[in-house]
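Taking it in order: structure first as structure tokens, then the write-up.
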Amino acid sequence: MVFGQAVTFTATVKAVAPSTAVPTGTVTFKNGTTTLGTGTLSGGTATFTTSALAVATTAYSITASYTAATTGFAASTSAAVLETVKAAGTTTTLTASANPAVFDQAVTFTATVKAVAPSTAVPAGTVTFKNGTTTLGTGTLSGGKATFTTSALAVATTAYSITATYAATTSFTASTSTAVAETVKAAATTTTLTASANPAVFDQAVTFTATVKAAAPSAAVPTGTVTFKNGTTTLGTGTLSGGKATFTTSALAVATTAHSITATYAATTDFATSTSAALQEMVNKATTTLKLTTSANALTLNQAVTFTATLSIAQSTASPAGLTVTFKDGTTVLGTAVLNAAGTATFKTSALPAGTDHVTVSYAGSANLMASTSPVLTETVASSTKTTVKSSLVPAAVDQVHAQSGHG
């Protein structure tokens, strides 16, 4: 017999002639001197069934001893039966939780070990999981099953040959499963794209950020390169770090329609390519602001005054150098000046008319910059007068300017 196999021992008790009576009573079954169990005679036979005999290198010595139920029968013991118990054969089968799998996907291999009939015992012990001849890991049987989980199988063009080998024990022989051909493919990815500013303005630095993620069930963080494009035109590239790549530019032109920006992740051995949805990036003219100051607010007629214009460009790094601004008194052009790199320009004049003058400076705008006009600066210009004194004693008139009075 084999370990775990149920064996039934049958004791037959007969009366010795000339008696023809059928004995009744109890039979005790023993292994050597150790009692295994008892059975009650029925029709002269008693049985005892067990599957608890362990595997042993020597045979068990099984006997049956009859104990009379009445004084009408004498006790008797059978000759010993030599019962041999061998290790039970086993079979091992192997399954995978995912096949094919993708890079970094956790795959659980499950080995099921069963005893070969007639044994009904449940094997215990250890199973070793291998890829070809390389050991991946081990698992301990529980209820006849052992598992091993790994996400370390690399992407490959050919399948891995995975087997599970049950290690023999005293009670069970070893067995190895047939190979499972496990395929591991590149993980799919998704790429999303965001912009630091949208809409942006002329010459504003905009940072585009691409986020690349592995699609479930992979949990790996992609590495590699992302290419940023405006339509079909490549703007630049970025290297992934922690699943993100960035590209910064201030070169997008002002346009009436949006730029169509995409980010494409380049495939690697472990990850498939993916392209983001297009991001519609608007670039508008930059807003300009003008401020006007004067060297003097209260003037006399023909007095020179210097006006200083300062132009600033919002959000943009564009230089104002070379831009022309126009100085006006109301609607009358006084003159023009060219801004320097700091955004300032000066205009000097002594031609302001007497009275209250409303001075502004304006920028006409361009394809990239919005027009702007400064707030009105009010200048007061006084006219000059002279008083003539004539003496009756002096034949000729003498003119002398004594004072000036305000205009008005």
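The values are calculated or read from the model by the stated rules, or taken from the named source; none is laboratory data. Predicted model only: the values in this text are computed from it and were never measured. FYI the Cβ positions are ideal-geometry reconstructions off the backbone, even for glycines, and counts take in every protein chain you see.
Of the residues 197, 164, 115, 106, which is at pLDDT 95 or above, under 30 Å from residue 287 (Cβ atoms) and out of contact with any Lys or Arg (no Cβ under 6 Å at 6 or more places or on another chain)?
197
Within 29 Å of the chain's Cα centre (by Cα), under 25 Å from residue 219 (Cβ atoms) and surrounded by 14 or more Cβ atoms within 10 Å (Cβ to Cβ) - does that describe any residue in segment 174-183?
yes
Please return the ranges of strands (runs of 3 or more DSSP E) entirely within segment 253-356 where 2 or more residues are within 33 Å of the chain's Cα centre (by Cα), more than 14 Å from residue 377 (Cβ to Cβ) and not polar (S, T, N, Q).
In segment 253-356, 259-265, 279-281 are the strands (runs of 3 or more DSSP E) which contain 2 or more residues that are within 33 Å of the chain's Cα centre (by Cα), more than 14 Å from residue 377 (Cβ to Cβ) and not polar (S, T, N, Q).
If the requirement is being out of contact with any Phe, Trp or Tyr (no Cβ under 7 Å at 6 or more places or on another chain) and on the phi > 0 side of the Ramachandran plot, which of these qualifies: 25, 44?
The conditions single out 44.
Quick one: is residue 94 in contact with a strand residue (DSSP E or B) (Cβ under 9 Å, 6 or more places away or on another chain) and more than 30 Å from residue 160 (Cα to Cα)?
no
Which condition number does residue 213 fail, the rest of (1) exposed (fewer than 13 other Cβ atoms within 10 Å of the Cβ); (2) within 30 Å of residue 97 (Cβ to Cβ) being met?
Of (1) exposed (fewer than 13 other Cβ atoms within 10 Å of the Cβ); (2) within 30 Å of residue 97 (Cβ to Cβ), only one is false for residue 213: (1).
Would segment 120-131 turn up any residue that is among the polar types (S, T, N, Q), within 34 Å of the chain's Cα centre (by Cα) and either at pLDDT 95 or above or surrounded by 15 or more Cβ atoms within 10 Å (Cβ to Cβ) (or both)?
Yes: one or more hits.
What is the number of the single condition among (1) over 26 Å from the mean Cα position of the chain (by Cα); (2) surrounded by 14 or more Cβ atoms within 10 Å (Cβ to Cβ); (3) over 18 Å from residue 203 (Cα atoms) that residue 224 does not meet?
(1) is the only condition that residue 224 fails.
Give the residues of segment 279-300 that are in contact (Cβ under 8 Å) with a residue 40 or more places away in the chain and among the aliphatic types (A, V, I, L, M), sorted by residue number.
Once the filter is applied, which keeps residues that are in contact (Cβ under 8 Å) with a residue 40 or more places away in the chain and among the aliphatic types (A, V, I, L, M), segment 279-300 yields 279, 282, 283, 286, 290, 292, 298, 299.
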